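The values are calculated or read from the model by the stated rules, or taken from the named source; none is laboratory data. On a predicted model such as this, the values are computed, not experimentally measured, just so you know. Cβ sites come from the backbone with ideal geometry, for glycine too, and all protein chains shown count toward neighbours. Quick note on the areas: whole protein, heavy atoms, side chains included, nothing else; ligands and nucleic acids left out. Shrake-Rupley method; radii C 1.70, N 1.55, O 1.52, S 1.80 Å.
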Amino acid sequence: VRNENFLMGAPKIKYIRYQVIPQNDMLSALEKGQVHYCEPQAKEENTSKIKANSSLDYVTAKTLGYGYIGINPKYVPSIYARRAIMTTMDTTLSLAYYPGTSEAIYRPMSKVSWAYPQNCTAYYEYDETGQEALKLLKKAGYTQNSKGLLVDAEGKQLTLKYTLAGDSTDHPAANVFYRSQDILTKLGAKVDVTTDVNALTKLADGGLSIWAAAWSSTIDPDMYQVYHKKSQATSTKNWGYNVIEADTTSKYEEERRIIDLLSEQIDAGRETLSQPEREGIYAKCLDLVMELAVELPTYQRSDLFAYNSNFIDTSTMTPKGEVSPYNGPINQIWNLSLVTK
């Protein structure tokens, strides 16, 4: 119910009902009139359905975030093994999930941000032959035995588990995982691709080894919370920081060096207000994250805002030309009005 004393003036609509609907069912609910505004996936089939319905309309904007594949050093300790896995990931396959509304991304920061390095390219080039992966896995201490299996010094086969969040393989990273599985299996590794409805909960404790997910970003590109060694955020558990810090051997020596340097650069980015200086600092930070081989960006998609134009007075929404990642269609919801007949 509206607040009659709202500082911008009493909202025009007295009652607004929010409903929790699975994303795959949102457009159907909109078509049936169960809701009048929603944010379904920006897939071509959804925009086609909206265009075919004279009562519906939509607008898109780039997502303030991006998709990625994570690898936790707790479960894949060798930095060379993590880099090897990344060379088997054809991230362009994820773009096919959002045809026409997504683009490739090569650093772990939303391309919407002013700090995203322009003209950067893939840090780990995809190699469908698997030869680059094999070379890196040999650096990690793996060899192919007489049976063609990739084994470590103790004769244990390289075994990996890829996790897709949710209960379905209908996921932007599914084909990326299957292609990687095929390449690594031919090299002699054992790779399982699974789904997990509790994946996001497990990420809070750093409980997944290799997974696909997506981030939401903020306006400021400060990387402290997600990547600094002193951050208390759960994300650092996914990068294995707690395990790396607790280890007293030389197993994570390279990781500690990178994390220390990364944290120093993040601190430097917080000590200046000069945007050009910060751009240079964050470009170095993003390269260091890629060096650490814990996060592989996969795609930058768009958000789809769909609504019933026969019910909502579109003249009271944010004009289409002004919709952006920072300014959605109903950001000024107090000005929103219904069509009067």
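Return a whole-number percent for the relative contact order of region 200-274, with Cα pairs under 8 Å and 6 or more residues apart as the contact set. Write down the numbers at each step before the final one.
Values: 53 pairs, mean separation 25.2, N = 75.
Computed over region 200-274, the figure is 34 percent.
Using a 10 angstrom cutoff on alpha carbons, build the Gaussian network for the chain and name the most mobile of Pro172, Pro77, Pro276.
Greatest mean-square fluctuation among the candidates belongs to Pro276.
Just to make sure I understand: if all protein chains stay in place, what is the order of Arg179, Arg17 by accessible area at 1.4 Å, largest first? Display every interim value, and only then the final one.
Numbers: Arg179 85, Arg17 185 Å².
Ranked list, largest accessible area first: Arg17, Arg179.
Residues of region 250-270 with amide nitrogen under 16 Å from the 7 Å Cα-to-Cβ point of Asp222?
Under 16 Å, as judged by backbone N against the label point of Asp222, lie 263-270 of region 250-270.
Quick one: pull the percent of accessible area on region 199-341 belonging to carbon and sulfur, 1.4 Å probe, ligands and nucleic acids left out. Mind showing how you got there, number by number?
On the way: 3480 of 7080 Å².
Of all accessible area on region 199-341, carbon and sulfur atoms account for 49 percent.
If a/c stays under 1.5 just call it rounded; otherwise compare a/b with b/c (prolate if a/b is bigger, oblate if not). Do that for region 172-328, with a ≥ b ≥ c from the square roots of the Cα gyration tensor eigenvalues. All intermediate terms of the calculation are to be shown ahead of the outcome.
Working: a/c = 2.32, a/b = 1.29, b/c = 1.80.
In terms of gyration-tensor shape, oblate.
Using a 1.4 Å probe and counting only protein heavy atoms, arrange Ser113, Ser274, Ser315 so the residue with the most accessible area comes first.
Numbers: Ser113 10, Ser274 40, Ser315 95 Å².
The residues order as Ser315, Ser274, Ser113, largest area first.
Evaluate the Debye formula for the chain with equal point scatterers sitting on the alpha carbons, no solvent, and hand back log10 of I(q)/I(0) at q = 0.06, 0.10, 0.14 Å⁻¹, in q order, two decimals.
Results for the chain at q = 0.06, 0.10, 0.14 Å⁻¹ read -0.27, -0.70, -1.17.
When DSSP assigns beta bridges and you keep just the ones with both residues in the chain, what percent turn out antiparallel, to the nearest 5?
Working: 28 of 38 bridges.
Taking every DSSP beta bridge within the chain, about 75 percent pair in antiparallel fashion.
Among Ser94, Ser48, Ser146, determine the one that fluctuates most according to a GNM of the chain built with springs between C-alpha atoms less than 10 Å apart.
Of Ser94, Ser48, Ser146, the Gaussian network model singles out Ser146 as fluctuating most.
To the nearest 20 debye, what is the magnitude of the charge dipole of the chain about its Cα centre, counting +1 on the Cβ of each Lys and Arg and -1 on the Cβ of each Asp and Glu? Show your work: numbers first, answer last.
Working: 36 positive and 40 negative charges, 102 e Å.
Dipole of the chain, to the nearest 20 debye: 500 debye.
With a Förster radius of 25 Å, plug the Cβ-Cβ distance of Glu4 and Asn331 into 1/(1 + (r/R0)^6) and report the FRET value to the nearest 0.05. The partial results should precede the final answer.
Details: r = 21 Å, r/R0 = 0.83.
In this case the efficiency is close to 0.75.
Only Cα pairs within less than 10 Å get springs; with that Gaussian network setup on the chain, which residue of Ala246, Ala29, Ala214 has the largest fluctuation?
Maximum among the listed residues: Ala246.
What percentage of the solvent-accessible surface of region 1-132, computed with a 1.4 Å probe over protein heavy atoms, is contributed by carbon and sulfur atoms? Kindly include the intermediate steps, with their values, before the conclusion.
Working: 3310 of 6910 Å².
Roughly 48 percent, rounded to a whole number.
Counting heavy atoms of the protein chains only and a 1.4 Å probe, report the per residue accessible area for the chain as a whole number of Å².
On the way: 17500 Å² over 341 residues.
I get 51 Å² per residue for the chain.
Per the helix-only calculation at 222 nm, which mean residue ellipticity applies to the chain, given -39500 (n - 2.57) for every DSSP H run of n ≥ 4 and division by its residues, nearest 500 deg cm²/dmol?
Values: 11 runs with 100 residues, N = 341.
Calculated mean residue ellipticity at 222 nm is -8500 deg cm²/dmol.
In the structure displayed, which of Lys190/Lys251; Lys135/Lys186; Lys138/Lys161; Lys186/Lys251; Lys147/Lys190 lie more than 18 Å apart, Cα to Cα?
Working: Lys190/Lys251 23 Å; Lys135/Lys186 14 Å; Lys138/Lys161 20 Å; Lys186/Lys251 28 Å; Lys147/Lys190 13 Å.
The pairs that break the limit, which is 18 Å between Cα atoms, are Lys190/Lys251; Lys138/Lys161; Lys186/Lys251.
In whole angstrom, how far apart do the alpha carbon centroids of region 69-141 and region 244-298 sit?
Between the Cα centres of region 69-141 and region 244-298 lies a distance of 17 Å.
Could you give the dipole magnitude of region 224-341 about its Cα centre, charging the beta-carbon of Lys and Arg +1 and that of Asp and Glu -1, in debye to the nearest 20?
Working: 12 positive and 17 negative charges, 106 e Å.
Here region 224-341 has a charge dipole of around 500 debye.
Taking the Cα centre of region 1-158 as origin and charging only Cβ (+1 Lys, Arg; -1 Asp, Glu), how large is the dipole, in debye to the nearest 20?
On the way: 19 positive and 15 negative charges, 87 e Å.
It works out to roughly 420 debye.
Once the dipole of region 196-290 is set up with Lys and Arg at +1 and Asp and Glu at -1 on Cβ about the Cα centre, which of Thr249, Val197, Tyr282 lies farthest towards its positive end?
Val197
Sort region 21-64 into rounded, prolate or oblate with this rule: let a ≥ b ≥ c be the square roots of the eigenvalues of the Cα gyration tensor; rounded if a/c is under 1.5, and if a/c is not under 1.5, prolate when a/b is larger than b/c, oblate otherwise. Don't skip to the end; give the middle numbers.
Numbers: a/c = 1.64, a/b = 1.19, b/c = 1.37.
Cα axes put region 21-64 in the oblate bin.
Would you please classify the overall shape of region 255-295 from the alpha carbon gyration tensor, given that a ≥ b ≥ c denote the square roots of the eigenvalues, rounded means a/c under 1.5, and beyond that prolate means a/b larger than b/c while oblate covers the rest? Numbers along the way, then the final one.
Details: a/c = 3.65, a/b = 1.84, b/c = 1.99.
Here region 255-295 falls in the oblate category.
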